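None of the figures in this text is laboratory data; all of them are computed from the coordinates on show. Model, not experiment: these values are computed from the prediction. Using ideal geometry, Cβ is built from the backbone for each residue, glycine included, and neighbour counts are taken over all protein chains shown.
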Amino acid sequence: MSDPIEGGHIERRGDLRVRHYLLRLPRPVEEVWPALASAAGLRNWLAAADPFEPRLGGAVGLRLPDGPARGRITAWDVERIAEYTVEGRGRIRFHLEPDPPTGTTVRFTHETREDRDPGWRARFERLLVHLSGGDDLGGAG
């Protein structure tokens, strides 16, 4: 079986670093979307999200291990695109595509000025566990 998490390579755009991942998830879009685009879903693999206003321009607050981060939803197309721009952390974007017969491909990018990797691979591994019906990982960070 091939690795469901591909990538992690960095593209440089001036002083920005753009990390790219391709995720092949074994669940349909309607199950993946809530994990990426709701407070309850994000809490299970990324971080507690409060506030979380699921709409373009809505507020987002993430409680990350190294402190809280506030931002906005900067792109929102239900079951297709969720993008969060967070102060001091950059912009993260999830682009979902159906992967027949029952899967979802997620094209993920993280655009930031920081060189350090915030541990996306480990977070995506937690996402896979969550989507496969694993334990609620509440507050993962």
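Give me a comma-separated list of calculated 3J(HN,Hα) values for segment 85-97, in order, Karplus coefficients 6.51, -1.76, 1.60 applied at θ = phi - 60°, integers in Hz, x for any Gly or Pro.
10, 10, 3, x, 10, x, 10, 10, 9, 10, 10, 9, 9
So for segment 1-73, averaging the separation of alpha carbon pairs under 8 Å that are six or more residues apart and normalising by length, what relative contact order in percent results?
Reported relative contact order: 16 percent.
Measuring from the lowest to the highest alpha carbon on each principal axis, how far does segment 29-74 reach, largest first, in angstroms?
Principal-axis extents of the Cα atoms in segment 29-74, largest first: 31, 23, 12 Å.
Which stretch or stretches of segment 43-87 have amide N atoms under 20 Å from the point lying 7 Å from R107's Cα along the Cα→Cβ direction?
Label zone hits: 74-85.
What are the extents of the Cα atoms of segment 96-135 along their three principal axes, listed from largest to smallest and rounded to whole Å?
37, 26, 9
Through the Karplus equation 6.51 cos²θ - 1.76 cosθ + 1.60, θ set to phi - 60°, convert the phi angles of segment 107-112 into ³J(HN,Hα) values in whole Hz; use x for Gly and Pro.
So the Karplus estimates, Gly and Pro as x, are 9, 10, 9, 10, 9, 8 Hz.
Applying the Karplus parametrisation 6.51 cos²θ - 1.76 cosθ + 1.60 with θ = phi - 60° to the phi angles of segment 5-13, what ³J(HN,Hα) value in whole Hz is obtained for each residue in order, glycine and proline being reported as x?
Result, ordered by residue: 10, 10, x, x, 6, 10, 10, 9, 10 Hz.
Considering the dipole of the chain built from charges on the beta carbon (Lys and Arg +1, Asp and Glu -1) around the Cα centre, which of I81, F52, A69 is farthest to its positive end?
Going by the Cα projections, it comes out as A69.
Note down the relative contact order for the chain as a percent, whole number, built from C-alpha pairs under 8 angstrom at least six residues apart.
In percent, rounded to a whole number, it is 28.
Over the chain, how many percent of alpha carbon pairs lie in each 5 Å bin up to the one with the longest distance?
Histogramming the chain at 5 Å steps yields 2, 10, 20, 25, 23, 14, 5, 1, 0 percent.
Set the Förster distance to 25 Å, then compute FRET efficiency between H20 and I81 from the Cβ-Cβ distance, nearest 0.05.
Once the sixth-power term is evaluated, E becomes 0.95.
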